[in-house]
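This report refers to the structure that appears directly beneath it.
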Amino acid sequence: GRRNALQDYQKSDSTQLVVVSRDSSHLTKSRILSITKCAKTCSRGKRLPFICRAFLYDHRSRKCQWLSFDRNSPGVQSHQSFYYDLYQKKDYVRECIVGTGQSYRGSRSVTLSGILCQAWASPIPHEHKFMSKRYRKKDLRENFCRNPDNSTVGPWCFTTDPRPHLRHQECGIPQCSQDFMSSLNPLGASHEILEDINTSVVSST
């Protein structure tokens, strides 16, 4: 069957995000749209002037608001709001990886051995080629663990320890469990159950 675009999002009912200290990274765009089209636009990102991390859906006005930030972004607070539902891209809110973790967008910033990560935009203490602008699509923000070169060790970072042998280190982010993966895809599961019921009805007649 066709994939449901909402499967890529974690839904928080009756939740609105409010920017408390606004800066240039807090971008939004709104339109009256169906919720599925809203999700597809955020996922594809073609018509948006920023990378969409989440969207709010206002059920009263049927308005979709795309966001360049999520609940974990600095300067953002979440509030209960009856008419709004918040949908955040799962890549940005989960703290486990699938495969080599190239799509990991969580906020871990400490290596496996406990060393604080160096900011990607900084050449100190280690100079490197991953200065953020060149690797814009890899989400190399702040000092979060990422896997911009698809390393087999999973997400990693340059460390704040100046010693050469500790230049970079993996972050040891766990693989997502099977339970977690099936919770990411509840629609797929129920779809299969329905198919099973249908086939058993057919075969018993």
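The values are calculated or read from the model by the stated rules, or taken from the named source; none is laboratory data. The model shown is predicted, which means the values in this text are computed figures rather than measured ones. Here the Cβ positions follow ideal geometry from the backbone for every residue, glycine too, while neighbour counts run over all protein chains shown. Just the protein is used for accessible areas: all its heavy atoms, side chains included, with ligands, DNA and RNA removed. Shrake-Rupley method; radii C 1.70, N 1.55, O 1.52, S 1.80 Å.
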- Message: For the stretch 68-122: of the residues being basic (Lys, Arg) and closer than 23 Å to ARG22 by Cβ, which is modelled with the lowest pLDDT?
- Response: ARG71
- Message: Out of everything in the stretch 44-56 that is under 18 Å from SER103 (Cα atoms) and part of a loop (DSSP other than H, G, I, E, B), what residue ends up being most open to solvent (accessible area, probe 1.4 Å)?
- Response: ILE51
- Message: Could you tell me how many of the residues in the stretch 76-97 are part of a loop (DSSP other than H, G, I, E, B) and either aromatic (Phe, Trp, Tyr) or in contact with a Phe, Trp or Tyr (Cβ under 8 Å, 6 or more places away or on another chain) (or both)?
- Response: 4
- Message: Being open to solvent by 30 Å² or more (accessible area, probe 1.4 Å), touching a Leu at 6+ places or on another chain (Cβ under 9 Å) and not hydroxyl-bearing (Ser, Thr, Tyr) is the filter here; which residues of the stretch 28-42 pass it?
- Response: LYS29, ILE35
- Query: Just to be sure, is CYS176 modelled with pLDDT under 90 and either in contact with a strand residue (DSSP E or B) (Cβ under 9 Å, 6 or more places away or on another chain) or open to solvent by 90 Å² or more (accessible area, probe 1.4 Å) (or both)?
  - Reply: yes
- Task: Only residues that are under 17 Å from the mean Cα position of the chain (by Cα) and either at positive phi or among the aromatic types (Phe, Trp, Tyr) (or both): list them for the stretch 62-89, please.
- Result: TRP66, PHE69, TYR87
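Per-residue answers, yes or no, for (1) open to solvent by less than 40 Å² (accessible area, probe 1.4 Å); (2) of a type in the set (A, V, I, L, M, F, W, C):
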| position | (1), (2) |
| --- | --- |
| LEU112 | no, yes |
| PRO125 | no, no |
| HIS128 | yes, no |
| ASP139 | yes, no |
| CYS145 | yes, yes |
| ASP161 | yes, no |
| PRO164 | no, no |
- Message: Please go through the stretch 17-45 and give me each residue that is over 17 Å from the mean Cα position of the chain (by Cα) and of a type in the set (Lys, Arg), ordered by number.
- Response: ARG22, LYS29, ARG31, LYS37
- Only one of these is within 21 Å of GLU142 (Cα to Cα), surrounded by fewer than 18 Cβ atoms within 10 Å (Cβ to Cβ) and in contact (Cβ under 8 Å) with a residue 40 or more places away in the chain: SER73, SER25, SER78. Name it. SER25
